[in-house]
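The values are calculated or read from the model by the stated rules, or taken from the named source; none is laboratory data. What you are looking at is a predicted structure, and each value in this text was computed from that prediction instead of being measured. Note that each Cβ is placed from the backbone with ideal geometry, even for glycine, and that neighbours are counted across all protein chains shown. The accessibility values were calculated without ligands, DNA or RNA, using every heavy atom of the protein model including side chains. Shrake-Rupley method; radii C 1.70, N 1.55, O 1.52, S 1.80 Å.
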Amino acid sequence: MNNMTQINRRSLLKGAGVSLALPFMDSLSWAAGSSTPKPPVRLGFMYMPHGVIMDEFWPESPEAYRESPPPAIESLQPVLDQCLMMKGIAGVPIGPFTAAHAMELSTWLTATLPNSETRSRINIAISADQVMANYVGFQTSLPSLELATMPQTHKENQNGLHEAYYSHCSYRSPTQPVPAEIDPRNVLNRLFGKKGEAGRVSKVNPLDRKMLDHVLGGARDLRRTLARTDQQKLDEYLDSVRTVERRIAAIESRQQQAAFEKAGVRPSKRHASDSAPIEIKIPEGDKRSEYMQVMCDLNVLAFQTDTTRVSTYIGSTPNGVSYPELGFTDKHHSQTHHANRKEMMDKVAAITKFNIDQFAYMIKKMHNLKEGEGTLLDNCIMMWGSGLEDGNKHRRENLPFILAGKGGGSINTGRFLPDTKGNQGDLLTTLLTCAGVPLDRPIGNATKQIDEIKA
């Protein structure tokens with residue numbers, strides 16, 4: 001890597017919540033003072049809207065957490081020693097807005113409210129997943145992987161807010177939402193460069209690094225002469241150039257690795273005892289559980305093959321979702337306004353359990369895959385959660401979260417913390433720190449790190 005390329009990368013990271021120092025790069029692949037490969041840490045997020053029925057979700061006590069978990073998390077019982085639950089994480093206060101469902105997803109990974117003066121345009125903050133992607137994404141084929149169960153075409157604009165706030169959680173920059181892929185076949189093609197029915201691998205034509213250096217250098221000079229709105233457009237262009245640079249870096253690294261292996265040298269990060277990559281089977285039916293599980297499998301495969309180290313999966317968006325597998329066709333959103341009617345609350349509880357069951361499917365699979373001296377899950381931080389505490393009253397003071405994975409030894413799992421003091425930004429800031437991302441400022445409304453999480 002030449003000095004100019006290093007300078008360009010650092011200058012592009014500036015302002016994205018990432019420290020300019022890059023000491024973590026080497027530790028992703030190699031244990032200090034050892035020739036034994038050290039697996040990288042991955043960070044993943046899985047989302048469900050509308051909150052939960054609290055009595056069905058939270059354990060009765062720290063002692064009951066693993067012995068008699070509540071119904072919502074029963075499917076996680078075999079791996080609760082690999083999980084961490086925290087009660088007391090507050091969401092972002094949404095005033096001056098009243099559009100609770102636009103706020104629940106858009107603030108989930110940004111911990112920031114949309115700009116109230118530019119409501120009809122996207123203007124929020126870079127999300128936590130993309131902060132990590134900016135830091136580690138140049139080392140993998142895909143900087144990040146965004147998945148969704150539903151098309152991101154929600155048509156609503158309460159309070160004059162842009163409709164994308166209802167269906168996007170990832171933001172590459174304050175003005176750039178990152179689209180998610182809903183077709184598992186397209187995801188598989190994207191991960192491994194396959195196109196068409198023949199599954200032929202597309203040829204990559206990496207650009208000249210020197211040309212990128214000239215583009216970046218000239219663009220920064222131009223930026224000083226532009227008005228603020230034009231600077232914003234230029235920043236978005238620079239971000240796309242940065243993505244190209246990261247892909248080139250990953251391509252060059254893999255080409256070098258292939259050359260070593262052809263010569264009989266094995267520089268791969270994978271340990272000889274690692275589990276083989278899992279098989280992906282695309283479901284033919286329309287069962288929601290099978291569809292969500294194949295998307296979870298794709299997430300696992302992307303992490304297992306080090307195709308990416310950052311992922312998000314939006315299990316559903318605020319309106320229009322039903323769960324016929326559960327024996328009823330009522331919409332999720334309508335049932336959350338239950339006014340304490342038991343029949344409706346039971347349906348919300350069943351929907352919550354269904355979504356956590358899919359998360360548990362993914363976590364248990366990760367736990368059963370060997371990697372390095374442990375498991376794939378040992379080297380991941382996976383978070384399931386919702387942007388509302390209670391869909392009935394749209395409360396946000398105590399958001400439901402489940403963490404799974406030890407983050408390479410940075411997180412102390414197997415616990416329920418019933419009285420955590422912190423907010424959404426505090427949690428995201430802490431998770432990025434545990435993933436090894438050096439931050440030059442906290443995420444969103446954070447004021448501290450939650451040290452109780454850490455090992």
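Across region 75-121, counting alpha-carbon atoms alone, Rg and Dmax equal 15.6, 48 Å.
Could you give the length gained on full extension between residue 225 and residue 289, defined as 0.36 nm per residue of separation minus the Cα-Cα distance, in nm? Mind dumping the intermediate values first?
Values: separation 64, 0.36 × 64 = 23.04 nm, distance 5.30 nm.
Extra length from residue 225 to residue 289 when fully extended: 17.7 nm.
Using a 1.4 Å probe on the protein heavy atoms, what percent of the accessible area of region 274-386 belongs to carbon and sulfur? Answer for region 274-386: carbon and sulfur cover 49 percent of the accessible area.
Rounded to whole Å and sorted largest first, what semi-axes of the equivalent ellipsoid does the C-alpha gyration tensor of region 285-384 yield via the square root of 5 times each eigenvalue? Provide the component values of the computation, followed by the final result.
On the way: eigenvalues 196, 35, 27 Å².
Listed largest to smallest, the semi-axes of region 285-384 are 31, 13, 12 Å.
The orientation-averaged projection of the convex hull spanning the C-alpha atoms of region 339-393 amounts to 4.5 square nanometres. Rolling a 1.4 angstrom probe over the protein chains, ignoring ligands and nucleic acids, what is the accessible area of residue 108 in square angstrom, nearest 10? For residue 108, the solvent-accessible surface is approximately 0 Å².
For region 326-423, the fraction of C-alpha pairs more than 16 angstrom apart is 65%. Taking Cβ atoms as reference points and 9 Å as the exclusive limit, the residues near residue 354 contribute a net charge of 0, counting Lys and Arg as +1 and Asp and Glu as -1.
Among the protein heavy atoms, those of residue 288 account for about 50 Å² of accessible surface (1.4 Å probe, every chain in place).
Take the residue pairs 287/342; 393/421; 38/364; 155/281; 281/454 and return only those whose Cα atoms are more than 29 Å apart.
On the way: 287/342 26 Å; 393/421 22 Å; 38/364 22 Å; 155/281 32 Å; 281/454 36 Å.
Going by Cα-Cα distance, 155/281; 281/454 fall outside the 29 Å limit.
A 1.4 Å probe over all protein chains sorts 331, 347 by accessible area into 331, 347, starting with the largest.
Where only protein heavy atoms count, and the probe is 1.4 Å, what is the accessible area per residue for region 26-185 in Å²?
Solvent-accessible surface per residue comes out at 34 Å².
With a cut-off of 17 Å, note down the residues of region 75-90 whose backbone N falls inside the zone around a label point 7 Å from the Cα of residue 419 toward its beta carbon. Within reach of a label on residue 419, which here means backbone N under 17 Å from a point 7 Å along Cα→Cβ, region 75-90 contributes 86-90.
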